[in-house]
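Notes follow the structure.
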Amino acid sequence: VEVQVFIVGSEGQKSRQMVSGHGFRYHEYSNSNLSHKHNHACKQARSWKADYCLFLGSDDVISQDTYLFLESEMKKGTDFVGFTDFYFYDMQSDKVAYWGGYRDTRKGHTVGAGRLVSRKLMDRWRWEPFDSRHRNVLDDSMQQKLRSEKYSSTIVSLKEKGLHAIDIKSPVNMTPFQLWDNTEYIDRSELKQVFPWMIK
């Protein structure tokens with residue numbers, strides 16, 4: 001499996017230098033419409049003729065085991081892979097929380113971060129998985145497109161599968177750290193073993 005990282009930023013030369021310094025591909029795009037910004041990254045992946053797209057925000061990190069699980073799904077030819085829960089780490093308070101997933105009308109929906117989408121699905125969407133009508137509601141935007149498609153999928157709970165993916169919260173995040181519905185603080189020792197370079 002060959003991996004190529006496409007990053008779309010909006011801080012000009014500051015973010016460009018940081019990204020290119022690590023050998024990744026950088027593109028500049030305004031934050032005013034996040035759906036357009038994310039679709040722009042997808043168009044770059046299409047030009048590279050990607051077989052799969054893995055969606056991660058700038059504050060999301062997945063563990064090695066989680067990546068290997070996603071890689072195994074690619075080898076199976078699964079069209080869509082998603083997670084129903086997620087972990088959060090707040091850099092200011094040094095607290096870790098576990099979110100068990102949606103319980104409202106969106107029960108069963110997957111988290112936006114960590115979604116893996118095949119080229120077959122991306123081709124159907126013309127490599128625009130996010131509708132411009134949903135300027136900043138990206139999770140629901142892709143979920144609506146999935147409703148009208150027939151595809152193979154694997155939907156799992158990170159906790160039940162023993163996998164890890166974490167959203168890092170800092171003072172500059174769009175969504176501040178808090179205990180949302182179905183969220184609880186947990187002992188950070190488990191995640192410290194997985195991400196020792198990040199959690200104190």
Using θ = phi - 60° and the Karplus form 6.51 cos²θ - 1.76 cosθ + 1.60, what ³J(HN,Hα) does each residue of the stretch 95-111 get, whole Hz, x for Gly and Pro? 9, 10, 10, 10, 9, x, x, 5, 10, 8, 5, 9, 3, x, 5, 8, 6
Label-point separation, Ser47 to Val1 (7 Å along Cα→Cβ), nm: 2.5 nm
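How much net charge surrounds Arg115 when only the other residues with a Cβ under 12 Å from the Cβ of Arg115 are counted, with Lys and Arg +1 and Asp and Glu -1?
Details: positive: Lys145; negative: Asp60, Glu73, Asp79, Asp139.
Computed value for this residue: -3.
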Out of Ile7, Gly82, Trp48 - ranked by how far each Cα lies towards the positive end of the dipole of the chain, with unit charges on the beta-carbon of charged residues - the top one is Trp48
How many percent of the accessible area of the stretch 54-200 is carbon or sulfur, using a 1.4 Å probe? 47 percent
In the stretch 72-155, if every C-alpha pair distance is counted and binned at 10 Å from zero, what percent goes to each bin? 15, 44, 30, 10, 1
What number comes out for accessible area per residue over the chain if the probe is 1.4 Å? Units Å², please. 56 Å²
What value, in deg cm²/dmol to 500, does the helix sum -39500 (n - 2.57) over DSSP H runs of n ≥ 4 give at 222 nm once divided by the residues of the chain? -8500 deg cm²/dmol
Could you compute the net charge surrounding Leu68? Neighbours are other residues with a C-beta less than 15 Å from the C-beta of Leu68; K and R count +1, D and E count -1. 0
Using label points projected 7 Å from each Cα along Cα→Cβ, tell me how many nm separate Lys120 and Glu28, to one decimal. 4.0 nm
Summed over the other residues with a beta carbon less than 10 angstrom from that of Lys43, with K and R at +1 and D and E at -1, the charge totals +1
Output the relative contact order of the chain, whole-number percent, from Cα pairs under 8 angstrom with separation of 6+ residues. 26 percent
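The values are calculated or read from the model by the stated rules, or taken from the named source; none is laboratory data. Since the model is a prediction, treat every value here as computed from it, not as a measurement. Counting neighbours? That spans all protein chains shown, and the Cβs are built from the backbone with ideal geometry, glycine included. With ligands, DNA and RNA removed, areas are computed over all heavy atoms of the protein, side chains included. Shrake-Rupley method; radii C 1.70, N 1.55, O 1.52, S 1.80 Å.
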